[in-house]
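Have a look at the structure below before the remarks.
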Amino acid sequence: MRKLLFILLSWAMWLPFYAHSDDPVPQAKIIGGIESGTNEIPWQAYLNMTFGEGTQERTFICGGVVISKDVVITAAHCMRNGSETARPENVKVWAGITSIFSAGLLNSVAVSDIILHPNYNSSRFANDIAILKLSSTLPDAALPIRLASESEQQRADQAFANGWVTDGERQPNLLVSGWGSTDANDSSSGATRLQQTLLSGVPDTICDSMWGSNINSSEYGIYLCAGSVSPTLGRDSCFGDSGGPLVWQDPQRAADSDFGLRLVGLVSFGEGCAGRLPGVYSEVASQTGWLAGEIGSAFLTQAASEFSVDPFLANYDGIGAEVEGGQSVAVGGNSSSSGGALGMMGTLLLTIVMWLRRRGVA
């Protein structure tokens, strides 16, 4: 039997400053989820970022998305801690894993370059997207997911409009995953195994009316909102899930080898986990031009991955019913914090990583 050598962790969470305002304050940040099966979410990446030095050293975790064998994208806020931007040598990536006990120093992938979107706004989380170029290719178990095209995003938007009911059951048309907090009231309640849940897309105009000045009609192309599938079920992404994938299934391509699964968003911010407002994600369809300019356009035409499991077919019946404080309007707001990176200061004793989930607050 393989010997497991553990890492002891001492935890420190960066708490964002809340200014008084009539509008909800966006903060960086799975509630109401199920455990992912092996190879069920092969595009999910697990990120570890270290900032500072010596006694000031702090480590955070976030999610990421594999879009080619040597490129991962994530939320830009995951790469920042105050005014400090993560250095490539201080970021480690794992992909093709389901349990955090599979994340060790020997199978981490190094980062060669970090590129934040040039128009990223850290106070409003606009253009909250970053590119991680990797020093080597990811393991075979890590499979890229295709980004939604503009036309696919338009069809998704129509599906969100048709499937949304303000005070009733909604269409479960989005999938979110991560290792972040599983308890909205406990930011340290990370899971050791990847979690996933289904959400419902919230029409842009409804999200705009609920979030006030944080989102406006001129920015519908960079934000995407999602809430719970029912006012009585608490489902959401949470602390430690930041930068992770929000996926839509294109019904026109559901018979393809990748089941028509398309990346439409990255976990960005919300108002608490499973709170009163819908969670807000960085829409990726509008960013393909920028991505192609930075990494080349080959990722847009690469062959579709062959996924072994359609995660939309898992049993989510009643999931989220146990979450306290069910929302009456649009369940699912990620915290008023940005997707919530999980803060950790760890003392590395031996080999295996025992990071817990939380969404990026850097």
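The values are calculated or read from the model by the stated rules, or taken from the named source; none is laboratory data. Quick caveat: nothing in here was measured; it's all calculated off a predicted structure. As a convention, Cβ positions derive from the backbone with ideal geometry for all residues, glycine included, and neighbour counts pool all protein chains shown.
Can you confirm whether region 55-72 contains a residue that is modelled with pLDDT of 95 or more and either basic (Lys, Arg) or in contact with a His (Cβ under 9 Å, 6 or more places away or on another chain) (or both)? Scanning region 55-72 turns up at least one residue that is modelled with pLDDT of 95 or more and either basic (Lys, Arg) or in contact with a His (Cβ under 9 Å, 6 or more places away or on another chain) (or both). If you check 140, 167 for being at pLDDT 95 or above and either assigned to a loop (DSSP other than H, G, I, E, B) or among the charged types (D, E, K, R) (or both), only one passes: 140. Of all the criteria given as (1) at pLDDT below 95; (2) crowded, with 16+ Cβ neighbours inside 10 Å, the one not satisfied by residue 83 is (2).
Say we look at region 212-267 and pick out the residues that are assigned to a loop (DSSP other than H, G, I, E, B) and at positive phi; which of these is surrounded by the fewest Cβ atoms within 10 Å (Cβ to Cβ)?
260
Scanning region 228-243 for residues that are within 24 Å of residue 66 (Cβ to Cβ) and among the hydrophobic types (A, V, I, L, M, F, W, C) yields 238, 239. For region 95-114, the candidate set comprises residues that are touching a helix residue (DSSP H, G or I) at 6+ places or on another chain (Cβ under 7 Å) and crowded, with 19+ Cβ neighbours inside 10 Å; within that set, the residue that is nearest to residue 45 (Cα to Cα) is 111. Residues of region 69-90 that are under 17 Å from the mean Cα position of the chain (by Cα) and in a strand (DSSP E or B): 71, 72, 73, 74, 80.
No other residue among 75, 141 is surrounded by 23 or more Cβ atoms within 10 Å (Cβ to Cβ) and within 22 Å of residue 177 (Cβ to Cβ) apart from 75.
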